[in-house]
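Enquirer: Sharing a structure here in structure tokens format.
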Amino acid sequence: MERDPRVCVMGEDVGHYGGSYKVTKGLATKFGDLRVLDTPIAENSFTGMGIGAAMTGLRPVVEGMNMGFLLLAFNQISNNCGMLHYTSGGQFTIPIVIRGPGGVGRQLGAEHSQRLESYFQSIPGIQMVACSTPYNAKGLMKAAIRSENPVILFEHVLLYNLKERIPDEDYICNLEEAEMVRPGEHVTILTYSRMRYHVMQAAKTLVNKGYDPEVIDIRSLKPFDLYTIGNSVKKTHRVLIVEECMRTGGIGASLIAAITENFNDYLDAPIMCLSSQDVPTPYAGTLEEWTVVQPAQIVAAVEQLCQ
Amino acid sequence: MALSHLAASASRSTSLLKPLSSALSLRRPISGDNSPLTVETSVPFTSHQCEAPSRSVETNPKELLTFFRDMALMRRMEIAADSLYKAKLIRGFCHLYDGQEAVAVGMEAAITKKDCIITAYRDHCTFVSRGGTLLEVFAELMGRQAGCSKGKGGSMHFYKKDSNFYGGHGIVGAQIPLGCGLAFAQKYSKDETVTFALYGDGAANQGQLFEALNISALWDLPAILVCENNHYGMGTAEWRAAKCPAYYKRGDYVPGLKVDGMDALAVKQACKFAKEHALKNGPIILEMDTYRYHGHSMSDPGSTYRTRDEISGVRQERDPIERIRKLILSHDLATEKELKESPMPEPSELFTNVYAKGLGVE
């Protein structure tokens, strides 16, 4: 926001309140009410307004207080945000960033535990990235703001408290690039967002058992970084996808299709995909745990894959 | 630990089991007293596109005592939920209703269980006023099987089909079209019943409200839209979110009434009026001027966007339970002592009596 006066923020309670997850804390005091806008609870409208403003060259960062609320703005995101560049024959670009926390939290209930990446992935014209560490959150956010394309940045409710030493200076993370978290030889584990941590926990166990998993945080959910992923598949010949969205129509489902189409000859075994159960997220703690992929299941899947 | 708790509460629980009339002094058994009493509401009603009902409300001692007891129960229930949340026995989101009890209680007094109520996520007390038990409330909040949604819904998803309570909704404003749908079904089946669709001042700026209102007016549906205006949409004050915070007027062609939501009798009068209106003329908006003592939810301290003086000021001057207490005392219906001893189950006590050890309650 310092670097580019066209960047503004809009969302519910982002300004005076400081943001419900404190992401925008301090910005309103620094940049004022016209650049950090507290909107009424009207997602469809303010998302549409952000897109309209972007059409003229402003660079809004629109926050869904919870990603799930953006379902109310689906039409704007799909039809206007995604399609206007194309339907106008290239006249308008929509340099907007739509971001917010999603994913399964700690007993937040069905409506506040949604994973919208699976719903949005078919929209032509948008890019989707998921951050997972303080380092890539800063880098991806900056890259998203600077991109001429509309970017949906998926944050996760449970990852806001992560602490990490990151460079003070300006840097970006490539929007289309996956992140190599742990190189290995035996199996390629593809994951993103919070599941990265479950995978790394499982990796510890796997290493003790003598396995050497290669863990890639795909980060870019649309388009997939098939270059990094492909190189990994060519090396290990086995793929396990671990994701938090639901099995049906999820990111994993698309990834399986993409890998099979492009790298089928390199696979020694069918691709395995661990996803959340196809159910609304229950409130009860035990049920919620069973809905989401746990490290023990990841370990078991790798063992099965590597037989 | 459960046993010692039981022993200590033995004397209290025996008074719990006594019928109401014997727990109070036998001088004035007001439990069965239906003798009519007329009380004036705190302020007159303000109306939009209709004639306001009279300020004089008909009630009786029994009703007043029921109001007192039900609201006090709700207040204690919400405070117990606060403690349970801080003890991490309730997780996730928990939106408390203390301060707003008069709306739930007054509304219920004006209607029957055949009429429908639907609300958003601040639903614990509305659930209770529709006949939900404390056990169902706390079990649901704590994610147990005995909860009203079998532990799968949580705080924001309380429902009670057999008394036409339709929830319990997490997405702001989404319950309004649902409510108008309930009204449509009522008209379709020629039930002579109405639906109260509750929402907050934050939700009043949702487009779907105006869509549903237009359709309801067009089709003459018996829909009563009730704006529980507690003046804050989480951290945003009403004047910062709405160009026109006179929510009862925003229906434009739909009539509206502004009501003191801290006065249970005013709420009752308004709801009675609204039901009669809706059955004849279609939708009407009720704006309940109310206040929540807690923050938006347990994750919100509630003090960054309003002053503590404001909160304590409302508590002193407009508290709904205090108003009824003063009414009961001033009309000589009961004494302070009788009100204090009037049996009210202690929510957490009820809970300890029911659950076996090992479920994390102790």
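The values are calculated or read from the model by the stated rules, or taken from the named source; none is laboratory data. The structure displayed is predicted, hence computed values, not measured ones. Neighbour counts are summed over all protein chains in view; Cβ atoms, including those assigned to glycine, are modelled from backbone coordinates with ideal geometry.
Enquirer: Are any residues in segment A:43-66 buried (at least 23 other Cβ atoms within 10 Å of the Cβ) and farther than 21 Å from A:MET83 by Cα, and if so, which ones?
Expert: Within segment A:43-66, just A:ASN66 meets the criteria.
Let's see how each residue does on (1) within 17 Å of A:VAL199 (Cβ to Cβ); (2) within 14 Å of chain B (Cβ to nearest Cβ):
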| residue | (1), (2) |
| --- | --- |
| A:SER232 | yes, no |
| A:GLY250 | yes, no |
| A:ALA253 | no, no |
| A:THR260 | no, no |
| A:PHE263 | no, no |
| A:GLN277 | no, yes |
| A:LEU287 | no, yes |
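Enquirer: Are any of the residues in segment A:118-137 within 14 Å of chain B (Cβ to nearest Cβ) and either touching a residue at least 40 places away in the same chain (Cβ under 8 Å) or aromatic (Phe, Trp, Tyr) (or both)?
Expert: Checked against the condition, which is being within 14 Å of chain B (Cβ to nearest Cβ) and either touching a residue at least 40 places away in the same chain (Cβ under 8 Å) or aromatic (Phe, Trp, Tyr) (or both), segment A:118-137 yields no hits at all.
Enquirer: While we're on this one: If you scan segment A:103-151, which residues turn out to be hydrophobic (A, V, I, L, M, F, W, C) and under 24 Å from A:GLN277 (Cα atoms)?
Expert: Across segment A:103-151, the qualifying residues are A:VAL104, A:LEU108, A:ALA110, A:LEU116, A:PHE120, A:ILE123, A:MET128, A:VAL129, A:ALA130, A:CYS131.
Enquirer: If I filter segment B:193-230 down to residues being closer than 16 Å to B:LYS249 by Cα and in a loop (DSSP other than H, G, I, E, B), which single residue comes out as farthest from the other protein chains (Cβ to nearest Cβ)?
Expert: Out of the qualifying residues, it is B:ASP201.
Enquirer: In addition: Of the conditions (1) at pLDDT 95 or above; (2) crowded, with 20+ Cβ neighbours inside 10 Å, A:GLY82 fails just one. Which one is it?
Expert: Looking at each condition in turn, A:GLY82 falls short on (1).
Enquirer: What are the residues in segment B:231-244 that are away from every other protein chain (no Cβ under 11 Å) and touching a residue at least 12 places away in the same chain (Cβ under 8 Å), if any?
Expert: Selection gives B:HIS231 alone.
Enquirer: So which residues in segment B:133-174 are within 11 Å of chain A (Cβ to nearest Cβ), in contact (Cβ under 8 Å) with a residue 24 or more places away in the chain, crowded, with 24+ Cβ neighbours inside 10 Å and over 30 Å from A:THR39 (Cβ atoms)?
Expert: Residues satisfying the conditions are B:LEU141, B:MET142, B:GLY143.
Enquirer: Next question, about the same structure. I'm trying to understand the selection: among the residues of segment B:107-121, which are surrounded by fewer than 24 Cβ atoms within 10 Å (Cβ to Cβ) and outside any helix (DSSP H, G or I)?
Expert: B:ILE111, B:THR112, B:LYS113, B:LYS114
Enquirer: Determine, yes or no, whether B:LYS190 is free of Cβ contacts under 8 Å to residues at least 12 places away in the same chain and more than 11 Å from chain A (Cβ to nearest Cβ).
Expert: It is true that B:LYS190 is free of Cβ contacts under 8 Å to residues at least 12 places away in the same chain and more than 11 Å from chain A (Cβ to nearest Cβ).
Enquirer: If you check B:ALA104 against the conditions, is it at pLDDT 95 or above and part of a helix (DSSP H, G or I)?
Expert: So B:ALA104 passes the test.
Enquirer: Filter the strands (runs of 3 or more DSSP E) completely within segment A:1-92 down to those with at least 1 residues that are touching a residue at least 12 places away in the same chain (Cβ under 8 Å) and more than 14 Å from chain B (Cβ to nearest Cβ).
Expert: The strands (runs of 3 or more DSSP E) meeting that bar are A:7-11, A:59-63.
Enquirer: Against the definition (more than 14 Å from every other protein chain (Cβ to nearest Cβ) and at positive phi), how does B:GLY106 come out, yes or no?
Expert: When the stated conditions are applied, B:GLY106 does not pass them.
Enquirer: A follow-up question, please. Could you count how many residues in segment B:175-192 are among the basic types (Lys, Arg) and either assigned to a loop (DSSP other than H, G, I, E, B) or surrounded by 24 or more Cβ atoms within 10 Å (Cβ to Cβ) (or both)?
Expert: Residues meeting the conditions: 1.
Enquirer: Looking at (1) part of a loop (DSSP other than H, G, I, E, B); (2) in contact with a helix residue (DSSP H, G or I) (Cβ under 6 Å, 6 or more places away or on another chain), can you tell me which one A:PRO167 breaks?
Expert: So A:PRO167 meets the others, but not (2).
Enquirer: Okay, moving on. If only one of B:GLY302, B:GLY313 is under 21 Å from B:ARG240 (Cβ atoms), out of contact with any helix residue (DSSP H, G or I) (no Cβ under 7 Å at 6 or more places or on another chain) and surrounded by 15 or more Cβ atoms within 10 Å (Cβ to Cβ), which one is it?
Expert: The match here is B:GLY302.
Enquirer: For A:GLU244, state whether it is in contact (Cβ under 8 Å) with a residue 60 or more places away in the chain and either under 25 Å from B:LYS152 (Cβ atoms) or assigned to a helix (DSSP H, G or I) (or both).
Expert: The answer is yes for A:GLU244.
Enquirer: Follow-up. With the structure loaded, tell me whether B:GLU228 is of a type outside the set (A, V, I, L, M, F, W, C), buried (at least 19 other Cβ atoms within 10 Å of the Cβ) and under 19 Å from the mean Cα position of the chain (by Cα) or whether it fails that test.
Expert: So B:GLU228 passes the test.
Enquirer: Here is a follow-up. Considering only segment A:93-110, I want to know if a residue exists there that is at the interface with chain B (Cβ under 10 Å from one of its Cβ atoms), under 17 Å from A:THR47 (Cα atoms) and touching a residue at least 12 places away in the same chain (Cβ under 8 Å).
Expert: no
Results for (1) buried (at least 22 other Cβ atoms within 10 Å of the Cβ); (2) touching a Leu at 6+ places or on another chain (Cβ under 6 Å); (3) in a strand (DSSP E or B), shown as yes or no for each residue.
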{"residue": "A:PRO124", "(1), (2), (3)": "no, no, no"}
{"residue": "A:VAL129", "(1), (2), (3)": "yes, yes, yes"}
{"residue": "A:SER132", "(1), (2), (3)": "yes, no, no"}
{"residue": "A:ALA143", "(1), (2), (3)": "yes, yes, no"}
{"residue": "A:ILE152", "(1), (2), (3)": "yes, no, yes"}
{"residue": "A:LEU162", "(1), (2), (3)": "no, no, no"}
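Enquirer: Confirm whether A:ARG106 is assigned to a loop (DSSP other than H, G, I, E, B), among the basic types (Lys, Arg) and not assigned by the TED database to the domain that holds A:MET200.
Expert: Criteria met by A:ARG106.
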